[in-house]
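Q: Please see the structure below; I have some questions.
The values are calculated or read from the model by the stated rules, or taken from the named source; none is laboratory data. Just so you know, these numbers come straight off a predicted model, no measurement behind them. Cβ placement follows ideal geometry from the backbone for every residue including glycine, while neighbour counts extend to all protein chains displayed. What goes into the accessible areas is simple: the full protein's heavy atoms, side chains included, and nothing from ligands, DNA or RNA. Shrake-Rupley method; radii C 1.70, N 1.55, O 1.52, S 1.80 Å.
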Amino acid sequence: MDTHRSGSSSEPSFTRTALDRRTLLKTLGIGAVGLAGIPMLSACTGGAGPSGGSSGKSLTFGSSASDDVPKRAYQAVVDAFQKKSGDTVTTNVVPHNDFQNKINSYLQGSPDDAFTWFAGYRMQYYAGKGLLAPIDDVWQQIGSNYSDALKKASTGPDGKMYFVPNYNYPWGFFYRKSFWAEKGYTVPTTFDDLKTLAAKMKKDGIIPIGYADKDGWPAMGTFDYINMRLNGYQFHVDLCAHKESWNQPKVQAVFDTWKALLPYQDPAALGQTWQDAAQLLGQKKTGMYLLGSFVTQQFTDAAVLADIDFFPFPSIAVEGQDSIEAPIDGLLLSKKGGQNQAAKDFLQFMGTPEAQNAYYAVDTSNIATAKGADTSKFSPLNKKCADAIANAKNISQFFDRDALPAMANNVMIPALQSFIKDGTVDIKNLESQAATLYAAQ
């Protein structure tokens, strides 16, 4: 999902503009969410009442799609909705990390009617706090467009519907096909194969594994995969929910296993954003890069994009490669937005193939979730990503979406950044902090 935290404590400057009719599209959605922060934006109030035709109702839309491609992609959706409904959408685009880190104060302040967010626990947490509007009536109209798994991920703790999925995207290793062919590299299917390949790349004078953790969240993908490959999907879920203790050999084994990769990961990781690392992959300065498929947003050269391929995280011990990280992004209504029919209509539109096709026309890095969305223009890479999701027995939502927000943001980010720096971690301290945070819920 997608970017994480900026590390800035100052209040960001937000821009609110009425979206004009251009073609654009798509948001990534990864990152951990902080519970503390200054109230984020002061939203306008959307008009209440039914929308459609020339009724001219209005709504406000808070978007964390601040990178160029997803920003244009969501504008394409808004353009299509405005043309179809006659309603007016006023969009407030906020830097992605700022949006995520201040979501709690945003929702308790003056939020927009509709806003971009994530499925699963990351949504359920705020629904449970009474900060979101249920949209069961919207789901009565769009429910047939979604699988049972997507419906489950969109359901709140009270059994009501809250979320409309737009797309999801798999995490895996991305690489340049031509570069690998030139060097004679082959796709690893086991962790030992991965280490052997990385050692060969290092000997060849390139950085084996592109890495970037300046924003804190990307390293969670490595942790999740090694954890699921060593201990299984259910352990990942239970650890995130603190049904399993952090202070146990299974968790220590994750870090001990990861330690074998540290010499092969980019030593400049803590000073790089995911976009920086993507550029290095495109330039063939790194051999492979573990990230979500949104990484392809960075490859604007068509020849480079066509040269990008993908493989799942190799197997280690249990469940082979059955589990995949494939976070789901989409839209929610704030409590206030639930009283605005135009906002509900906007979410209903988002749950249609028409809207998701508009999005994909601009941002081809993610996989549409609505049944009936056009897949005829999928590239070979898109098809491979879609198949990886479809064939997975278990789909995780990423650590910072499966776990308590404060655990992800305030505990795991500094712990993982410290581990990347010196290879040490204090799992006893992780458990102590987790026990305190989860007990407070």
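Q: Identify the single condition in (1) open to solvent by less than 30 Å² (accessible area, probe 1.4 Å); (2) in contact with a helix residue (DSSP H, G or I) (Cβ under 9 Å, 6 or more places away or on another chain); (3) within 18 Å of residue 191 (Cβ to Cβ) that residue 291 does not satisfy, given that it satisfies every other one.
A: Checking residue 291 against (1) open to solvent by less than 30 Å² (accessible area, probe 1.4 Å); (2) in contact with a helix residue (DSSP H, G or I) (Cβ under 9 Å, 6 or more places away or on another chain); (3) within 18 Å of residue 191 (Cβ to Cβ), the one that fails is (3).
Q: Condition test on residue 313, is it open to solvent by less than 10 Å² (accessible area, probe 1.4 Å), closer than 20 Å to residue 118 by Cα and touching an Asp or Glu at 6+ places or on another chain (Cβ under 9 Å)?
A: no
Q: If you don't mind, another one. Could you give me the residue pairs with C-beta distances under 9 Å whose first residue belongs to the range 182-198 and is among the acidic types (Asp, Glu), whose second residue is open to solvent by 70 Å² or more (accessible area, probe 1.4 Å) and not in a helix (DSSP H, G or I) wherever it lies, and which are 6+ apart or on separate chains?
A: Note: pairs meeting the criteria are 193/186.
Q: Right, here's the next one. Residue check, residue 369 against (1) modelled with pLDDT under 90; (2) open to solvent by 10 Å² or more (accessible area, probe 1.4 Å), all met but one. Which one?
A: Residue 369 satisfies all of (1) modelled with pLDDT under 90; (2) open to solvent by 10 Å² or more (accessible area, probe 1.4 Å) except (1).
Q: Taking residue 93 as the residue in question, decide whether it is aliphatic (A, V, I, L, M), open to solvent by 20 Å² or more (accessible area, probe 1.4 Å) and modelled with pLDDT under 95.
A: Against the criterion (aliphatic (A, V, I, L, M), open to solvent by 20 Å² or more (accessible area, probe 1.4 Å) and modelled with pLDDT under 95), residue 93 does not qualify.
Q: Quick one: residue 395 ticks every box in (1) open to solvent by less than 30 Å² (accessible area, probe 1.4 Å); (2) touching a strand residue (DSSP E or B) at 6+ places or on another chain (Cβ under 7 Å) except a single one, so which number is it?
A: Of (1) open to solvent by less than 30 Å² (accessible area, probe 1.4 Å); (2) touching a strand residue (DSSP E or B) at 6+ places or on another chain (Cβ under 7 Å), only one is false for residue 395: (1).
Q: Yes or no: residue 305 open to solvent by 10 Å² or more (accessible area, probe 1.4 Å) and either out of contact with any strand residue (DSSP E or B) (no Cβ under 8 Å at 6 or more places or on another chain) or within 26 Å of residue 150 (Cα to Cα) (or both)?
A: Here the answer is yes, as residue 305 does meet what is asked.
Q: Being open to solvent by 10 Å² or more (accessible area, probe 1.4 Å) and part of a helix (DSSP H, G or I): is that true of residue 100 here?
A: Judged against the criteria, residue 100 is not a match.
Q: Which one of these does residue 167 not meet: (1) open to solvent by 10 Å² or more (accessible area, probe 1.4 Å); (2) assigned to a strand (DSSP E or B)?
A: The one condition residue 167 does not meet is (1).
Q: Can you go through 420, 427, 389 and tell me which one is open to solvent by 10 Å² or more (accessible area, probe 1.4 Å) and closer than 27 Å to residue 152 by Cβ?
A: 389
Q: Any residue in the range 138-160 that is open to solvent by less than 30 Å² (accessible area, probe 1.4 Å) sitting within a Cβ distance under 6 Å of a residue that is among the hydroxyl-bearing types (Ser, Thr, Tyr)? List the pairs, counting only those 6 or more apart or interchain.
A: 150/369; 156/162
Q: Sticking with this structure for a sec: Is one or more of the residues making up the range 391-406 closer than 20 Å to residue 167 by Cα, in a strand (DSSP E or B) and among the β-branched types (Val, Ile, Thr)?
A: Taking every residue of the range 391-406 in turn, at least one turns out to be closer than 20 Å to residue 167 by Cα, in a strand (DSSP E or B) and among the β-branched types (Val, Ile, Thr).
Q: Would you pick out the residues in the range 225-279 that are in contact with a Gly (Cβ under 6 Å, 6 or more places away or on another chain) and either open to solvent by 50 Å² or more (accessible area, probe 1.4 Å) or over 28 Å from residue 294 (Cβ atoms) (or both)?
A: Answer for the range 225-279, where residues must be in contact with a Gly (Cβ under 6 Å, 6 or more places away or on another chain) and either open to solvent by 50 Å² or more (accessible area, probe 1.4 Å) or over 28 Å from residue 294 (Cβ atoms) (or both): just 259.
Q: Scan the range 338-358 and give yes if some residue there is buried (at least 17 other Cβ atoms within 10 Å of the Cβ), at pLDDT 95 or above, of a type in the set (Val, Ile, Thr) and more than 30 Å from residue 194 (Cβ to Cβ), otherwise no.
A: Yes; the residues of the range 338-358 include at least one that is buried (at least 17 other Cβ atoms within 10 Å of the Cβ), at pLDDT 95 or above, of a type in the set (Val, Ile, Thr) and more than 30 Å from residue 194 (Cβ to Cβ).
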